[in-house]
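Data block below; observations after.
Just so it is clear, none of the values below were taken in a lab; they were calculated from the coordinates. Keep in mind that this is a model prediction, so the values were computed, not measured. Here the Cβ positions follow ideal geometry from the backbone for every residue, glycine too, while neighbour counts run over all protein chains shown.
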Amino acid sequence: MEVGVIVVVAVVVLLAFVILFRSVALIPQAEAAVIERLGRYTKTVSGQLTLLVPFVDRIRARVDLREQVVSFPPQPVITEDNLTLSIDTVVYFQVTVPQSAVYEINDYIIGVEQLATTTLRNVVGGMTLEETLTSRDSINAQLRGVLDEATGRWGLRVARVELKSIMPPPSIQESMEKQMKADREKRAMILTAEGQRESSIKTAEGNKQSQILAAEGAKQAAILAAEADRQSRILRAQGDRAAQYLNAQGEAKSIEKVFAAIKASRPTPELLAYQYLQKLPEMAAGEGNSVWVVPSDFGSALQGFARSFANQGDDGVFRYEPPQDTATTTSGDDSEVDDWFDLAPDPKVAQAVAEAEAVARTPVAPEMESRPAKPGIGAASDVPAVGGGSDSSDSAAPTA
């Protein structure tokens, strides 16, 4: 009797535990539970403790509400140029309406995979291999648009679609590798040729600049040498002119002093005849004088000369007497030639030399060959005049 009571109590406790277990359901956050009552949809709960009617209510499915990432295996796709590609696709989607994901489609993951495959073949089928390899963003956008529109009634939202890899056939891969290798070699050869061209240009530019600088230096040196030679000749000519003037002035002074002394001594014709006879041997001593003739009427000629220029005294001797109002000595006017003997340096000459030296020290710019020559350099008419007093002194050349 006691054993039967224990069994009944145990059965009741077990039934109560089962009823309690079936009447309480804990749904975690980010997960939704679709609840049916007697086989019909009742409600969708998420993130809470839910009470169920035992043996009447049941959880049809638990749906993950987080964004899911599904990678589909490679799918063979034929391009427009009849090449078969293996493309891996990755789809990012999220369940927004759990009851639609449960009742509208049997397996929404398989549905998304098949829809992505067919859409991918449709999109890539209208592209060539090169367009497919370079238009991933366009393909991803088209796939996402089609999948999001088609899976909307399934309660899904497609966030992104990415092409994980595009694998062409091995023969195409080999051809592409050869093409890439040829392109790299071509670029390397182009870069090498470009470097050699730049190096040649820089070398030629340096040689050109060096030659320009050398030519400019030679030009400046020639200008300075010509200017120095010109100044030297001008100064030498001025010195020779002053020396000749001094010689002529000295001779004139000497002759003037001699004549003044002669006039002051009042010579007689006998003294002149004596001086004349003393000069005859010197006159005959010339190399070209082989025959010398003394005129016979020399005495009468000398007497006529004395009568013309002298006065006869009480003793009958002719003597030269200078006029009383005539000065015995004369002095030349040296005011016009005072600057001939000025030893101070000419400021115009110094300025011209300084300007030439400044131009010679000026560095030549790279564009010197395209610029015109500086005014005042290299033209004979632009060289500054030197020896400012030479023209006026030349016009006042002395006459003996």
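The range 234-256 and the range 1-50 have their alpha-carbon centroids 149 Å apart. Approximating the spin labels as points 7 Å out from Cα along Cα→Cβ, the residue 130-to-residue 353 distance works out to 7.7 nm.
The magnitude of the dipole of the range 68-168, with charges of +1 and -1 set on the Cβ of Lys/Arg and Asp/Glu and taken from the Cα centre, is near 280 debye.
For residue 23 and residue 165, what is the calculated FRET efficiency with R₀ set at 56 Å and r taken between the beta-carbons, to the nearest 0.05? Rounded to the nearest 0.05, the efficiency is 0.65. Each residue of the range 157-172 was assigned a 3J(HN,Hα) from its phi angle through the Karplus expression (A = 6.51, B = -1.76, C = 1.60, θ = phi - 60°), giving 10, 7, 8, 8, 9, 10, 8, 6, 7, 10, 10, x, x, x, 5, 5 Hz with x at Gly and Pro. The value of relative contact order for the range 68-168, using C-alpha pairs under 8 Å at least six residues apart, is 41 percent.
For residue 180 and residue 258 in the same chain, what is the full-extension length gain: residue separation times 0.36 nm, less their Cα-Cα distance, in nm? Walk me through the numbers before you get to the answer.
Details: separation 78, 0.36 × 78 = 28.08 nm, distance 11.42 nm.
Between residue 180 and residue 258, full extension yields an extra 16.7 nm.
The charge dipole of the range 91-145, taken about the Cα centre with unit charges on the Cβ atoms of Lys, Arg (+1) and Asp, Glu (-1), comes to about 40 debye, rounded to the nearest 20.
In this structure the amide hydrogen of residue 65, modeled in the peptide plane, comes within under 5 Å of the amide hydrogens of 31, 32, none closer than 5 places in sequence on its chain.
Do any chymotrypsin sites (Phe, Trp or Tyr not before Pro) in the range 1-85 lie in a loop, going by DSSP, with at most 12 other beta-carbon atoms within 10 Å of their beta carbon, and if so which?
Those that pass, being in a loop and sparsely packed, are 55.
Residue by residue, the range 125-131 carries 3J(HN,Hα) couplings of x, x, 10, 7, 4, 5, 5 Hz when phi is fed to the Karplus relation 6.51 cos²θ - 1.76 cosθ + 1.60 (θ = phi - 60°); x denotes Gly or Pro.
The charge dipole of the range 2-64, taken about its Cα centre with unit charges on the Cβ of Lys, Arg, Asp and Glu (plus for the first two, minus for the last two), comes to roughly 280 debye.
Start at zero, step by 10 Å, and the Cα-Cα distances of the range 68-168 spread as 16, 49, 25, 9, 1 percent across the bins. Its relative contact order, with pairs defined as Cα atoms under 8 Å and 6+ residues apart, puts the range 2-64 at 34 percent. Among the trypsin sites (Lys or Arg not before Pro) in the range 1-96, those located in a DSSP loop and surrounded by at most 13 other Cβ atoms within 10 Å of their own Cβ are 66.
On the beta carbon distance between residue 149 and residue 121, with R0 = 22 Å, the FRET formula returns roughly 0.80.
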